[in-house]
1. Which one is surrounded by the most Cβ atoms within 10 Å (Cβ to Cβ), of the residues in the stretch A:332-349 that are within 14 Å of chain B (Cβ to nearest Cβ) and of a type in the set (A, V, I, L, M)?
2. Only one residue in A:105, A:152, A:140 is crowded, with 23+ Cβ neighbours inside 10 Å, of a type outside the set (D, E, K, R) and at pLDDT below 95, so which one is that?
3. Against the definition (part of a helix (DSSP H, G or I) and at pLDDT below 95), how does residue A:338 come out, yes or no?
4. Step by step: first the residues of the stretch A:445-472, then only those that are among the β-branched types (Val, Ile, Thr) and modelled with pLDDT of 95 or more, then the one that is most open to solvent (accessible area, probe 1.4 Å). Which residue is that?
5. Kindly evaluate residue A:418 against the criterion of being within 14 Å of another protein chain (Cβ to nearest Cβ) and either of a type in the set (D, E, K, R) or surrounded by 21 or more Cβ atoms within 10 Å (Cβ to Cβ) (or both).
6. Can you pull out the residues in the stretch B:24-77 that are at the interface with another protein chain (Cβ under 7 Å from one of its Cβ atoms) and charged (D, E, K, R)?
7. Please state which one of A:269, A:258 is in contact (Cβ under 8 Å) with a residue 24 or more places away in the chain, surrounded by fewer than 21 Cβ atoms within 10 Å (Cβ to Cβ) and closer than 24 Å to residue A:375 by Cα.
8. So, residue A:70, is that one without any contact (Cβ under 8 Å) to a residue 60 or more places away in the chain, within 30 Å of residue A:466 (Cα to Cα) and not in a helix (DSSP H, G or I) or not?
Amino acid sequence: MNTATTTVNGHSADHEDHGHHPSGLMRWITTTNHKDIGSMYLWFSFAMFLVGGCMALTIRSELFQPGLQLVRPEFFNQLTTLHGLIMVFGAIMPAFVGFANWMLPLQIGASDMAFGRMNNLSFWLLPPAALLLTTSMFVPGGAAAAGWTLYPPLTIQQGMGMDMAIFALHILGLSSIMGSINIITTIFNLRAPGMTLMKMPLFCWTWLVTAFLIIAVMPVLAGAVTMTLTDRHFGTSFFSAAGGGDPVLFQHIFWFFGHPEVYIVIIPGFGIVSQVISTFSRKPLFGYASMVYAVAAIGILSFTVWAHHMYTTGMPVTAQLYFMYATMFIAVPTGVKIFNWTATMWRGSLSFETPMLFAIGFIFLFTVGGFSGLVLAMAAVDVQMQDTYYVVAHFHYTMVAGALFSAFAGAYYWLPKWTGHMYNEKLGQVHFWLSFIFFNMTFFVQHFLGIAGMPRRIPDYALQFTDFNQISTVGAFGLGLSQLLFLYNVITCIKGGPKAPAKPWEGAEGLEWDVPSPAPYHTWEVQPVVK
Amino acid sequence: MSLNVQNEKTSKAGFFTVVGAVFWSFLGIRRRQDYESDAASISLKQVVIAGIIGGIIFVVGVVVLVNVIVANIGMAN
């Protein structure tokens, strides 16, 4: 945690913006400015969040009643697939890259990201990938419909929508890797004098670990989908049993990517929540060193547990036990974080502004998701739960609560810095409570559905599941509509509102609060000296 | 590169110091005093190498444990 004091070499931060401020469309297309690129990432991810959310609402509408009402089963499968791909690769990951672009240089006292043009390219690769994914619904055969995990042999049998999804994943992976190279280089080379690694805010640390994870695993995903592509078009049989290949091989490769990916989407959120809780508890983060250690350990251990997603594929007992024990072990450093956040709040001078509400909501919901993860980690139990709504409930508690709630916490926390205005606090709190209540309404009941045996990824179900499905659907619409409050709040905050001071939060610490609000177009042209 | 990069200290940490730091990181717990001495003495390269070796030892350890358990309860694979 950064408790450093700074001086700016006799050159105050608000005098650094030397009037260079491009405008018009070309500003956004050619920009190498980390704040512009960060803003574009954040808007892009929110747009994709709404697209993926509409798909989820269509899914939930179909599931309001048993029987087929609204969509064909084939289209339903396409919706579940695209919803997953878009939310993971189009919404969550770009959102956190957006936060990184905006905040990393400000937090470590750098004037910009290390590679400006590569940064621009990383962003502008995203819209073509998003177009490929969304327009694949309109090609013959429709979009990919094998689930976001893209298991063969389904992937080998589908139409050109699958090729478009594969190409989109290649592009998205490329973008993520370039973004990660940028983040690592920036952190290692552009820190202000005196800003040692161990003085960095936790958000920087969590992104450093995440960036290494991305570089390590995105090529694995690229390999898996390229092998799928050659199986489809070039006569190979990596995953086709008919040609001597092994469909389960794909699952191993995919989940060797997929499990670290789970941490890629959650670890930057840990960083944001750590800073928010420390600020609104008006106390330094309890166990900063432990948090850094635990995040690094989770980064390494996340590579050792992948086959807990595959207990039902027919593994030997020893392999099942190995993955079960290893998975339970990784819960230890994760659990330590929960204690650290709670201990940070203990006897702190707490106040409950919107970022803090989302951070506390995150802790509560992420703990629920962590516990259901431990239930699923047990091989004997997982055989019952595999591919049921229990799994859907579990990963939405970790993904939505983990990634989305922490992203909202971060957005409200830094909005005054980004826009120069305070957001509407009342509206923010209403947004939190509606999101919290409707989220639980949507997903908590899915635990019961899963335990009762309702399978996931089906458009129809047995009559006895109706009540819980109806509760879940009503909750989903509430959750979806609540997000429009956030959009309204952000837009009104950009347009006006009470002027935000440089440091709007009493307990906030860090270099980003030394620059005025809104942050000038160019900051830290003269690096601060951290003492 | 040392964790305390600005001071460009040369690494002074011994083998067991690094092993200890990595062990505690796997539990996610570290005393502030120990952490501060880690930060001053352990280099980034040491941490990364020790972390990866620690990961391998962890995997091998769990595999051995599992094999012992399976052998003792007489379950065939």
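1. A:336
2. When all the criteria are applied, what remains is A:152.
3. yes
4. A:451
5. Numbers: within 14 Å of another protein chain (Cβ to nearest Cβ): no; either of a type in the set (D, E, K, R) or surrounded by 21 or more Cβ atoms within 10 Å (Cβ to Cβ) (or both): yes.
Here the answer is no, as residue A:418 does not meet what is asked.
6. Residues satisfying the conditions are B:30, B:32.
7. A:258
8. Yes; evaluated as a whole, the condition is true for this residue.
The values are calculated or read from the model by the stated rules, or taken from the named source; none is laboratory data. Fair warning: this is a prediction, and the values are worked out from it, not measured in the lab. Ideal geometry is used to build each Cβ from the backbone, glycine not excepted, and the neighbour counts take in all protein chains shown. Note: areas computed on protein heavy atoms with side chains; ligands, DNA, RNA excluded. Shrake-Rupley method; radii C 1.70, N 1.55, O 1.52, S 1.80 Å.
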